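The next block holds one structure in the form of structure tokens; read it before the comments.
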Amino acid sequence: MDIKVVSGEITKVESGAVVVGMFEGEKRLGRELGALNRKLGRVVITSVEKGEIKGKAGEVNIFHSLGKIPAARVAVVGLGKKEEFKLDKLRAAVAESCRALRQKKAADITILAKSAVDGRKFSQEDYAQAITEGAILGLYTFRKYFTKENDYKEVKKLTLLSPKEEAINVIKKGSNKGKIIAEAVCLSRDMINEPANYMTPSAMADGARKIADDNKLDITVLEREDMQKLGMGALLGVSLGTVQPPKMIILSYKGRKSGGIDLALVGKGITFDTGGISLKTASGMEEMKTDMSGGAAVLAAIDAIARLKLKINVTAVVPAVENMPDGGAIRPSDILKSLTGKTIEIISTDAEGRLILCDALGYINKSKPKAIVDVATLTGACVVALGKQCTGILGNDQSLVNKVIASGSEAGEAIWQLPLFEDYRENIKSDVADIKNSGSGGAGTITAALFLSEFVGDTPWAHMDIAGTNFTDKDKKYNVKGATGVPVRTLVNLAIKMS
Ligand code: BES
Ligand code: MN
Ligand code: ZN
């Protein structure tokens with residue numbers, strides 16, 4: 001989609017549609033909507049007076065202009081109550097209106113990019129960023145495997161319209177930032193939505209190489225033999241049940257030119273999780289193609305961080321492995337030796353995420369990063385505890401955890417902290433090895449995080465469990481059915497905060 005920023009009068013633009021926001025319960029129309037209303041013979045205000053347009057969040061009303069203005073349609077989108085306004089409501093409103101207009105086959109959409117709220121609280125730049133993100137994220141589709149286009153017409157052009165010429169530059173800046181971030185989210189969605197027969201560990205490594213090439217980043221992909229030399233017995237154990245060779249991807253961006261790693265991002269890259277010998281039940285297993293969402297998120301985040309040229313050194317680490325149950329597979333009761341030397345008793349081969357992550361964490365921790373954030377579709381227990389509306393977070397450093405939560409809040413990605421209480425550690429004690437990979441006594445998200453904590457030493461570390469938030473089964477706000485791309489925007493905001 002081609003994105004432009006122009007200045008001019010809304011009643012004079014030529015476009016498939018012009019989109020204008022409206023707050024809930026406002027009886028008077030804003031300047032631009034008022035002008036459109038007059039040109040259209042008072043159809044907008046009449047609808048407001050009749051209670052047909054309420055301005056509720058998510059409400060979209062589309063009018064044909066019947067040649068009274070150059071734009072073919074006017075879309076009025078509800079922004080909810082003015083007192084409750086947040087940029088995330090704008091993202092959602094833009095997404096919903098763009099999707100509604102696409103359904104009407106509008107190929108070219110113009111959005112009024114004038115901040116309708118307090119300009120000190122929401123700058124023109126942030127406003128433009130949110131509009132661009134909402135449009136790109138909301139219009140996302142994954143269509144590559146359809147062999148014919150059923151009744152679908154793509155939106156080809158998006159224009160952000162500023163009534164004021166002076167505002168053009170800040171709007172361009174915000175829009176460009178939003179474009180980079182939203183495209184990174186879509187990149188992660190593409191990788192996640194790809195089925196596991198295509199998105200193998202090798203394909204993930206190829207995807208990472210492309211990101212490295214595009215941004216001139218350093219990349220290393222460890223092969224099985226490299227990992228054997230390093231003693232990554234936990235990761236290699238998971239790889240024993242599949243014919244797909246395991247890969248460990250290390251992608252580095254140096255925005256500060258010198259110095260060590262400021263932020264290490266580690267993402268779970270299980271390209272398909274059958275459960276292994278502790279086989280999952282068939283129902284819903286197809287969703288396990290998304291078990292590499294954490295890996296895709298950290299790769300996409302580093303792509304955006306590099307494109308934004310942030311002054312920070314970030315390394316993304318993705319252990320990429322397929323979890324299958326063939327004759328070579330590990331079994332419950334096996335004992336694996338991790339990279340750090342700790343031995344692990346396997347209770348469930350379905351608790352494989354922590355096995356690949358512990359070796360990735362142990363590996364990157366040797367480079368002494370200033371902070372580590374890992375992202376993983378780690379536990380079904382997290383979905384039980386928090387549902388699909390927010391990501392779980394746990395960590396050994398409250399200030400880092402707070403930074404991640406604040407970064408998410410700005411992005412509209414909700415995150416809720418669970419306690420990493422030491423009392424739970426006895427649940428992962430093993431009778432035959434240093435620890436076991438599946439805890440007894442409930443609190444599955446906490447015991448999984450405690451397991452990971454054993455491999456990061458004293459390094460400030462936060463762990464995000466995205467098992468509930470990586471995927472949605474319906475179009476909602478700026479997410480569309482399938483991968484959400486959570487928490488790419490949180491990670492990029494975090495890097496911005498830390499740079
Ligand atoms: N990938 C799953 C977690 C998951 C479950 C993500 C549902 C999304 C939706 C993970 O590898 C897993 O299987 N975890 C087990 C751990 C248990 C065996 C200790 C789980 O949550 O059941
Ligand atoms: Mn599993
Ligand atoms: Zn898994």
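The values are calculated or read from the model by the stated rules, or taken from the named source; none is laboratory data. These numbers were taken from a predicted model, which means no experiment stands behind them. Note that we place each Cβ from the backbone using ideal geometry, even for glycine, and neighbour counts take in every protein chain shown. Remember, those area values only see protein heavy atoms, side chains included, never the ligands or the DNA or RNA. Shrake-Rupley method; radii C 1.70, N 1.55, O 1.52, S 1.80 Å.
What to note about this one:
- DSSP-assigned coil residues among GluC sites (Glu not before Pro) in segment 415-499, each with at most 13 further Cβ atoms within 10 Å: none
- Here the calculated FRET efficiency for residue 440 and residue 287, from their Cβ-Cβ distance with R0 = 30 Å, stands at 0.70, rounded to the nearest 0.05.
- Gain in span if fully extended, residue 146 to residue 52, counting 0.36 nm per residue against the direct Cα distance: 30.0 nm
- Alpha-carbon radius of gyration plus Dmax, which is the widest Cα pair, for segment 255-362 in Å: 16.5, 50
- By accessible area with a 1.4 Å probe, ligands and nucleic acids excluded, highest first: order of 127, 198: 198, 127
- 24 Å Cα-Cα threshold exceeded, pairs from 105/164; 54/172; 81/104; 216/289; 157/403; 156/177: 105/164; 54/172; 81/104; 216/289; 157/403
- Cα-derived Rg over Rh, computed across segment 183-498 with Rh taken as Kirkwood radius: 0.93
- Helix 488-498 and the longest principal axis of the Cα set of the chain meet at an angle near 80°.
- Angstrom value of the Kirkwood radius, inverse mean 1/r, which spans all Cα pairs in segment 391-443: 12.9
- When 108, 475 are compared by accessible surface with a 1.4 Å probe, the order from highest to lowest is 475, 108.
- Segment 117-257 shape via C-alpha gyration tensor axes, a/c threshold 1.5: oblate
- Probe 1.4 Å - accessible area at residue 222, Å² to nearest ten: 20
- Proximity of backbone amide H atoms, modeled 1.01 Å from N, is registered between residue 463 and 374, 394, 395 at under 5 Å, excluding neighbours fewer than 5 places apart on the same chain.
- Per residue, the solvent-accessible area of the chain (1.4 Å probe, heavy atoms of protein chains only, all protein chains present) comes to 41 Å².
- Computed lengthening from residue 414 to residue 209, 0.36 nm per intervening residue step minus Cα-Cα distance: 70.7 nm
- Solvent-accessible area of residue 258 with every protein chain in place, 1.4 Å probe, in Å² to the nearest 10: 70
- Stretching the chain fully between residue 166 and residue 14 yields a gain of 52.6 nm (0.36 nm per residue, less the alpha carbon separation).
- Qualifying chymotrypsin sites (Phe, Trp or Tyr not before Pro) in segment 371-427, where qualification requires a DSSP coil assignment and no more than 12 other C-beta atoms within 10 Å, comprise 421.
- 222 nm mean residue ellipticity, helices alone, for the chain (DSSP H n ≥ 4; -39,500 (n - 2.57); rounded to 500): -11000 deg cm²/dmol
- Rg followed by Dmax, in Å, when segment 2-164 is reduced to its Cα trace: 15.2, 49
- Of the solvent-accessible surface of the chain, computed with a 1.4 Å probe and all protein chains present, 50% belongs to carbon and sulfur.
- Taking all protein chains as shown and a probe of 1.4 angstrom, residue 336 keeps an accessible surface of around 20 Å².
- Taking amide H as placed 1.01 Å from N in the peptide plane, the amide H of residue 349 sits under 5 Å from that of 278, each at least 5 places away or on another chain.
- Accessible-area rank, largest first, for 289, 257: 257, 289, with all protein chains present and a 1.4 angstrom probe.
- At an R0 of 56 angstrom, the distance between the Cβ atoms of residue 220 and residue 42 translates into a FRET efficiency of 0.30.
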